Amino acid sequence: MKMKHSGTMKAVLADDLTKSMEFVRVYAADITNKKETSRLVKQLGEIFPLTRLPHMKRVRCLKENEEKHLQIILCCVDQEEDLSSSPTLNEIFQKAPGFDQTGLGNLFSTRVARNQPKTRAQFEEAQSHWPTSFHEDLELTKLLNGTYFTKTEQERINLHMQMAVELADQGKQSGEVPIGVVIVNSDSSEVVASCYDLRNTASNPLYHAVMLCVDLVARSQGGGAWEIQDTPGFWWRKPHEASNRLADLSSDTSLGSQPDNLQNDVGQPTLVRDVTESQSGQNNLKRKFNELDDSSYLCTNLDLYVTQEPCSMCAMALVHSRIHHVFYGVTHPDGALGSRYKIHCQPGLNHHFQVFRGVLEEKCRNLYSEIT
Amino acid sequence: MTKLLFLLPFQAKAALLQGEVPVGCLLVYDGQIIGKGKNGVNFTKNATRHAEMLAIEEALDWCKNRNVAYKEVFARTDLYVNVEPCIMCAGALRISGLRRVVYGCSNERFGGCGSILDVASDQRTTDSQPVLQCVPGIFAETSVQLLKEFYRGQNPNAPNPKVKK
Ligand SMILES: [Zn+2]
Ligand SMILES: [Zn+2]
């Protein structure tokens, strides 16, 4: 009863992981003489390689009344081919006149998985038609069955969302859209920044809580763009002295020692210039400071908690900022992390992250119940 | 009006000179520039400081200083930018209620006006914002040049600027 709410948290996964399998038709035949099996597999592999179905097992074994019975895939059914006109073995092997049909019996067509299954559920669905290969991704399995986080982690997740709910409520009192955000360090659970929405009171359409919080993180690293006045509930970790000095040192060239894969491939990203060119003492110094303050590059290794699913602007801001995980309470029809789009797993983008919805869902829903 | 647009490549160039990705933009209302922006990600350590965001803020100030409602002004304001806005900026332009975006080359890595997603013209359920009109092609060649200059020999993950034919 006590942990009831944690059960509603769900990973928001890419469509290809949650949809059911797609199938294609193939011609297959009974094997009447088991001794011919390996020869048939070899020869069929030469004349009809299953290039588009590399995950399919060519032969399957059916058990009927204690008796084993083998069947083999011959070739794919052409899409244009009329299924009502069932061909004969001779017609199928027309193009391969030398092929020895010994051992092949009754010809039939059947459905097999178009792609290799990615999840256990898809595997079982595919398997019920024809055996296929499957490499289980254990992390994905945990995401799907809700064991990705330990109990302690789930409690911590709820605590952080509770903070976000209270911030949203604080904003609501002052006439704001009730959205609260908390950004925490993934490893230490230390809160780095927290705030709520200001789009109404500041009459600035860009002041979405997520955008504000991302800027507060930049502030905590000695940067930041928005001059947000002291607002109750707004908080950011004050930059360490080391970070300040880092900011001074890097004012001319930008952050000097980020991991290589973070280089200038963001939309209009932080640029790492001349890192290899000028391995000067200054750069080494910068590296030292970065070691002291290891969380100092954008939102790398930070988790974000928000009461409501972010919009396209905010979701893409989190891609640019390299957020680690996102947790949200309730969905929004125009939301971009599961509802309208799944920007966190959008093919083609250079950064992907894990998203979880339904954290303290009831409490979050209550924030929005009086609106609309 | 068209004379003003000569400023656009200079905005982008200015960003380049400061070591930022060469993206610059102008917000034009009734023949006058009410907002300018160039990419400022490095300087602020905030990866969301794209040229478009800065320009929108400048234009909001412009409205505030003249005591006019930004919504009315923005409904007749066009953005000129040398690269297709990314998904975030396209979202910001929608939220702000701007009328049109005229851009240079397409942004094959992050574009929000159709290249990756079409945030500029999707139908929303909770607001009645009109869609953002998109017109590609302005200073496309110059933009590709600038981006190439920026990324030259630097990174295999460089954005993929393309001139829309
Ligand atoms: Zn938003
Ligand atoms: Zn952008």
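Taking the condition of being among the small types (G, A, S), crowded, with 18+ Cβ neighbours inside 10 Å and on the phi > 0 side of the Ramachandran plot, how many residues in region A:323-372 meet it?
Narrowing region A:323-372 to residues among the small types (G, A, S): A:329, A:335-336, A:338-339, A:348, A:358, A:369.
Going one step further and asking which of them are crowded, with 18+ Cβ neighbours inside 10 Å, we end up with A:329, A:335-336, A:338, A:358.
Among the residues that remain, those that are also on the phi > 0 side of the Ramachandran plot are: A:338, A:358.
Adding up the residues that qualify gives 2.
For A:T147, state whether it is open to solvent by 30 Å² or more (accessible area, probe 1.4 Å) and in a helix (DSSP H, G or I).
Values: open to solvent by 30 Å² or more (accessible area, probe 1.4 Å): yes; in a helix (DSSP H, G or I): no.
When the stated conditions are applied, A:T147 does not pass them.
Looking only at residues in region A:308-322 that are open to solvent by less than 10 Å² (accessible area, probe 1.4 Å) and in contact with a strand residue (DSSP E or B) (Cβ under 7 Å, 6 or more places away or on another chain), which one is nearest to ligand 1 (Cβ to nearest atom)? Steps first, please.
Quick first cut of region A:308-322, residues open to solvent by less than 10 Å² (accessible area, probe 1.4 Å) only: A:309-310, A:312-321.
Then keep just the ones that are in contact with a strand residue (DSSP E or B) (Cβ under 7 Å, 6 or more places away or on another chain); that gives A:309-310, A:315-316, A:318.
Numbers: A:E309: 9, A:P310: 5, A:A315: 8, A:M316: 10, A:L318: 10 Å.
In this case the residue turns out to be A:P310.
Need a quick list: strands (runs of 3 or more DSSP E) entirely within region A:266-372 having at least 1 residues that are within 14 Å of another protein chain (Cβ to nearest Cβ) and modelled with pLDDT of 95 or more.
Ranges flagged: A:302-308, A:325-330.
Yes or no: region A:169-176 includes at least one residue that is over 25 Å from the mean Cα position of the chain (by Cα) and farther than 27 Å from B:K64 by Cα. Talk me through it step by step, then tell me what you get.
To start, the set of residues in region A:169-176 that are over 25 Å from the mean Cα position of the chain (by Cα) comprises A:169-176.
Among the residues that remain, those that are also farther than 27 Å from B:K64 by Cα are: A:169.
Checked region A:169-176: at least one residue is over 25 Å from the mean Cα position of the chain (by Cα) and farther than 27 Å from B:K64 by Cα.
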Kindly indicate whether any position in region A:26-47 is open to solvent by 30 Å² or more (accessible area, probe 1.4 Å), among the acidic types (D, E) and touching a residue at least 24 places away in the same chain (Cβ under 8 Å). yes
For residues that are within 16 Å of ligand 1 (Cβ to nearest atom) and open to solvent by 10 Å² or more (accessible area, probe 1.4 Å), scanning just region B:61-97, find the one that is farthest from B:G35 (Cα to Cα). B:I95
In region A:197-222, which residues are open to solvent by 20 Å² or more (accessible area, probe 1.4 Å) and within 9 Å of chain B (Cβ to nearest Cβ)? A:R199, A:S203, A:R219, A:G222
Restricting region B:4-60 to residues that are of a type in the set (A, V, I, L, M) and in contact (Cβ under 8 Å) with a residue 60 or more places away in the chain, the residue that is farthest from the other protein chains (Cβ to nearest Cβ): B:L5
Within region B:66-102, the residues that are within 11 Å of ligand 2 (Cβ to nearest atom) and not β-branched (V, I, T) are B:E84, B:P85, B:C86, B:M88, B:C89, B:A90, B:G91, B:A92, B:L93
Looking only at region B:103-153, which residues are assigned to a loop (DSSP other than H, G, I, E, B), among the polar types (S, T, N, Q), in contact (Cβ under 8 Å) with a residue 24 or more places away in the chain and open to solvent by 40 Å² or more (accessible area, probe 1.4 Å)? B:Q129
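Is it the case, given these coordinates, that B:K36 is of a type outside the set (A, V, I, L, M, F, W, C), closer than 22 Å to A:L212 by Cβ and away from ligand 2 (no atom under 14 Å from the Cβ)? Show your work before the answer.
On the way: of a type outside the set (A, V, I, L, M, F, W, C): yes; closer than 22 Å to A:L212 by Cβ: no; away from ligand 2 (no atom under 14 Å from the Cβ): yes.
Criteria not met by B:K36.
Going by what's in this entry, would A:S220 be described as at pLDDT 90 or above, away from ligand 1 (no atom under 16 Å from the Cβ) and not acidic (D, E)? Can you show your working first?
Numbers: at pLDDT 90 or above: yes; away from ligand 1 (no atom under 16 Å from the Cβ): yes; not acidic (D, E): yes.
Spelling it out, A:S220 is indeed at pLDDT 90 or above, away from ligand 1 (no atom under 16 Å from the Cβ) and not acidic (D, E).
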Which numbered condition in (1) open to solvent by 40 Å² or more (accessible area, probe 1.4 Å); (2) part of a strand (DSSP E or B) is the only one that A:E153 fails? (2)
Note on region B:11-46: residues buried (at least 19 other Cβ atoms within 10 Å of the Cβ), of a type in the set (D, E, K, R) and outside any strand (DSSP E or B) are B:E20, B:K45
Residue check, A:L70 at pLDDT 90 or above, under 17 Å from A:V112 (Cα atoms) and out of contact with any Ser or Thr (no Cβ under 7 Å at 6 or more places or on another chain): no
Would you confirm whether any residue within region A:355-371 is under 16 Å from A:C311 (Cβ atoms) and within 12 Å of the chain's Cα centre (by Cα)? yes
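The values are calculated or read from the model by the stated rules, or taken from the named source; none is laboratory data. Keep in mind that this is a model prediction, so the values were computed, not measured. Please note: Cβ atoms are built from the backbone with ideal geometry, for glycine as well, and neighbour counts cover all protein chains shown. The accessibility values were calculated without ligands, DNA or RNA, using every heavy atom of the protein model including side chains. Shrake-Rupley method; radii C 1.70, N 1.55, O 1.52, S 1.80 Å.
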